[in-house]
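Worksheet: the structure to be examined is printed underneath.
Read-outs throughout are calculated quantities, based only on the coordinates presented, and are distinct from any laboratory measurement. None of these values were measured; they are calculated from a predicted model. Glycine gets a Cβ as well: all are built from the backbone with ideal geometry, and neighbour counts include every protein chain shown.
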Amino acid sequence: MRLFDRVRPAVINGLRELQANKVRSLLSMSGIILGVASLVAMVTVVQGMVGNFRQFVDAMGGIEKITVLREQLPKEQEHLAELSEGLTMRDVDRIRRTVPLVRNISPEARVGYEKIVYEDRETNTYVTGVTADYLPVAKRWVEPEQGRFVSDLDVHNMTDVIVLGSAVVPELFAPNVDPVGQVVKVRGRRFTVIGVLNNIEGTGMQIRSANSRSSGGAWRYRNSGAFIPVSTALTKYNGNDRLSGLGLRIADPEQLRDAVEQAERTMLAAHKGLRDFSISTNEQTLEDFRKTEAAFKLSLGGVAGISLFVGGIGIMNVMLASINERIREIGVRKAVGARGSDLFLQFLAEAAVVSVVGGLIGLLVSVGIVSLMNFILMQALPTGAVATLDWVIMGEGLAFSVVIGLIAGVYPALRAAKLDPIEALRHE
Amino acid sequence: MPPLIAIRGLRKTYRMGDENVHALDGVDLDFQKGEFVAILGPSGSGKSTLMHILGFMDTPSEGSIVFDGEEVARLDPDRRAWYRSHRVGFVFQAFNLLPRLTVVENVALPLLYRDNSDPEANLAAARAALERVGMSHRLDHRPGQLSGGERQRVAVARAIVGTPSIIFADEPTGNLDVKNVDRVLDLLGSLIKEGITVVLVTHDLSVAEKAHRVISMRAGLVQEDRVR
């Protein structure tokens, strides 16, 4: 309470000094303003990127997804090509039996980039044969009001049913037509539409992927495609039992490496040592992104840090100049009874007031910067949701500026506190 | 009745390059409560040093000071600040009002540095002090808007606002015109009726003559102590 009684007049006094020297104060604040603005804008933008990328990796099945793909044999095994039977449903059974770390296995048989016809409308998209396990592995779902996905029974009975990606629906059906229950044709064969996959929407800032052919980018690619039972795809189209790939979902991301190792061993043994497959994970993508994120944080954080540092020096400089101008005032205050600590507090409060006001202006500027970036991104990506300012980040930015101001104020305030009153009063 | 201040064997030695300069070279003096005293002397006589030591802005090298019954020659800085805010008032030649504060805020300044200081009570006390010096019509002016005589009366109000035991006026009329010199000196002289000891520090004999007792100093020693 007593400290508050001493701090309050010091802060009021600081505000008056600021008001009396508007231009000088604004100049001394400029470093803090830029520092806080760039710090808050940087953290906001990087956080937007991180959030978006998490979603992106999630849309690719997340970190707990392992992808097994059919490959050409390596050069030294080329002469054994006749022995290679490729990926088959037998691999699915083997992995299910021998790799307990794997929770779901999604065999995928690509039919091809096919024309799908509904009445007088048509569109081209990838048609893939899958099982019910596609959903947990790809982290997708079918909203209850949008029908259902391919079931085990469909696979068992080789039914002619099809699930469409959400981007395919508007190409084939008028807005007032419920796609579920309609009959479409793929290469002349009639399929009943049983469901529509959930629509993936990016939030945060868009990451452009190599797959993006039009606006909407990677998300649009994820929303296209059509899915039929894997058995239907193999027997009625492909005419063989070769799968194009397997998607594995493991129970615990921590066990990713073990699971990859076990799967590799099982596959290699089952394939008689032939390397006609590859195993990959999203780990590398995530790792690459982490590096990018760290690089962003480091460089932008460096810029923000340097401007805050310079801002602190600016405040210290102005405080020293201000004290030099007010040596007499310090003498007078001491002569009428101020202790060293009173003057220390007064000048520290003045530095804090300058940095708080500077920090607040910096927050306003950061709002402007983020709005401007959002505006630019909106123009570039119509679907792109954007980075949003976070009160916590703004609070941290302000707190950071206060700390800088206090640190910068200590030395000038100590000088004021230590001035000899007699010398100070003699000062012209 | 014991004196307000009793000083014995007071010395102050400065080191200037290789030599020691004795600003005070053994001073013995008593100041009574409610006395109007002038300390007269040329520059370098030691009168300013004496004022600074008695005003708790400096400490002596040697000797004893008993202030209101307490030995105060060697106090720490915070304790000396306490004496400055509770027992002593200063009036300076250059007024030394803070230009950014209003008149009433300037006068309330000494009270700001007391413990349990209450802003409202401080301003009330400041208004009363300004009333006492005839400046209550200028409460919210800035010092820059006042004449020299008015500023010095505000400075006197600041010196008395904390009800001190003693006021030191350091060449208080040095920056004033003839008309205001008498007015300020009369004002200072009138304070003794309230039991305040007033010490004029000056090199000007005509100013010193206004006091009831004139102490002449030279080369760090009291040369003459004369009651008129």
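Going 7 Å from the Cα of A:GLN72 in the Cα-to-Cβ direction, what parts of the stretch A:274-293 have a backbone nitrogen less than 15 Å from that spot? Only A:275-278 pass the distance filter.
As a rough footprinting exposure proxy, the listed residues B:ARG226, A:ARG222 were ranked by other beta carbons within 10 Å of their own, and the order from fewest upward is B:ARG226, A:ARG222. Positive-end ranking of A:PRO136, A:VAL68, A:SER30 along the dipole of the stretch A:1-145, with charges on Cβ about the Cα centre, is headed by A:SER30. In this rough spin-label picture, where each label sits 7 Å from Cα along the Cβ direction, the A:ARG426-A:ASP258 distance is 8.1 nm. In the stretch B:46-147, the alpha-carbon atoms span a convex hull of 131 Å³ per residue.
Work out the length of the dipole vector of chain B about its Cα centre, built from +1 on the beta-carbon of each Lys and Arg and -1 on the beta-carbon of each Asp and Glu, and round it to the nearest 20 debye. Intermediate results must be reported in sequence, preceding the final value.
Values: 28 positive and 30 negative charges, 80 e Å.
Here chain B has a charge dipole of around 380 debye.
Most exposed first by the Cβ proxy, i.e. fewest other Cβ within 10 Å, how do B:TRP82, A:TRP141, A:TRP391 rank? Please list the in-between numbers first.
Details: B:TRP82 18, A:TRP141 13, A:TRP391 7.
The order, fewest Cβ neighbours first, is A:TRP391, A:TRP141, B:TRP82.
Computed from backbone phi with θ = phi - 60° and the Karplus coefficients 6.51, -1.76 and 1.60, the 3J(HN,Hα) list for the stretch A:11-23 is 5, 4, 4, x, 5, 5, 4, 4, 5, 6, 10, 4, 5 Hz; x is used for glycine and proline. By the Cα gyration tensor, the stretch A:65-281 has an equivalent ellipsoid whose semi-axes, rounded to whole angstrom, run 31, 20, 17 from largest to smallest.
The convex hull drawn around the Cα atoms of chain B, when projected onto a plane and averaged over every direction, covers 12.9 nm².
Just to be sure I understand the curve: with the Debye formula and one point per C-alpha of chain A, what is log10 I(q)/I(0) at q = 0.08, 0.12 Å⁻¹? Evaluating at q = 0.08, 0.12 Å⁻¹ gives log10 I(q)/I(0) of -0.64, -0.98.
Simple spin-label estimate for B:SER136 and A:GLU145 gives 7.9 nm between the two label positions (7 Å along the Cα-to-Cβ direction from each Cα). Under a model in which nothing but the beta-carbon of Lys, Arg (+1) and Asp, Glu (-1) is charged, the protein assembly as shown shows a dipole of about 660 debye around its Cα centre. If you take the Cα centroid of the stretch A:1-40 and the Cα centroid of the stretch A:395-426, the two points sit 11 Å apart.
Straight-line reach from A:LYS75: taking Cα to Cα under 26 Å and skipping same-chain neighbours fewer than 8 places apart, the lysines in range are A:LYS272. The residues B:MET57, A:MET316, B:MET1, when put in order of fewest to most other Cβ atoms within 10 Å, stand as B:MET1, A:MET316, B:MET57. Helix content alone sets the calculated 222 nm mean residue ellipticity of chain A: runs of n ≥ 4 DSSP H residues at -39500 (n - 2.57) each, divided across all residues, give -18500 deg cm²/dmol. Could you give the nm distance between label points at A:LEU27 and A:THR192, where each point is 7 Å from its Cα heading toward the beta carbon? Going by the 7 Å Cα→Cβ label model, 8.2 nm.
Greater than 20 Å separation of Cα atoms is the criterion. Which listed pairs, A:LYS65/A:LYS139; A:LYS139/A:LYS185; B:LYS33/B:LYS193; B:LYS47/B:LYS193; B:LYS33/B:LYS179, meet it? Show your work: numbers first, answer last.
Details: A:LYS65/A:LYS139 9 Å; A:LYS139/A:LYS185 27 Å; B:LYS33/B:LYS193 10 Å; B:LYS47/B:LYS193 25 Å; B:LYS33/B:LYS179 29 Å.
In this structure, A:LYS139/A:LYS185; B:LYS47/B:LYS193; B:LYS33/B:LYS179 exceed 20 Å between Cα atoms.
Taking the centroid of alpha carbons for each part, the stretch B:59-123 and the stretch A:276-311 are 59 Å apart.
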